[in-house]
Amino acid sequence: VSVTAPATFHRIRALRETGGPDTLRWMSVEPVLEDLSAIDLTDIHAALVGGESGPQARPMRAEWVAGLLEACQRADTKFFLKQWGQDANNPDPADPTRQSRGGMSKGGARLFGREWRELPDWKRPAKVEHGQLDLFNSAA
């Protein structure tokens, strides 16, 4: 699911209700358009966070990103900062992850002096051969 503002927090409930206990639940939090630090990430395995890029990109504030990092840490959710979106959003002007392409940049991807590229541990289920699983007559 994608969450960009508190008005979209209801999507997280739908994500929690999807699949079973072995389902990997991750969400996209982009573009971050306001403070989302009150977000409840219980039972969410990962959050991919990013700012908006392009000529009409709206700003993303560093304290909003820091608030999302804290929310992830409270819920034991992995935090992946994809991009600041534009150079002006990045609080670190010396961020070496900025990639300028003809004057355009995604703004880098560091927060508090490091890259946040956390990914959840996940094991792919064993391969089920065609005909091995009967969903309608299972004894389970």
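What follows is calculated from the coordinates using simple rules that are stated; it is not laboratory data. For clarity, every value in this text was computed on a predicted model and none was experimentally measured. Here Cβ is always computed from backbone atoms with ideal geometry, including for glycine, and neighbour counts include all displayed protein chains.
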Could you list, bin by bin from short to long, the percent of Cα-Cα pairs of region 48-100 in 10 Å steps? 23, 52, 23, 2
Spin-label point model (7 Å from Cα, Cβ direction): what's the residue 13 to residue 33 distance in nm? 2.1 nm
Just grab the label-to-label distance for residue 5 and residue 75, each label 7 Å out from Cα along the Cβ direction, in nm (one decimal). 2.0 nm
Between residue 119 and residue 43, what length comes free when the chain is fully extended (0.36 nm per residue of separation minus the Cα-Cα distance, one decimal in nm)? 25.9 nm
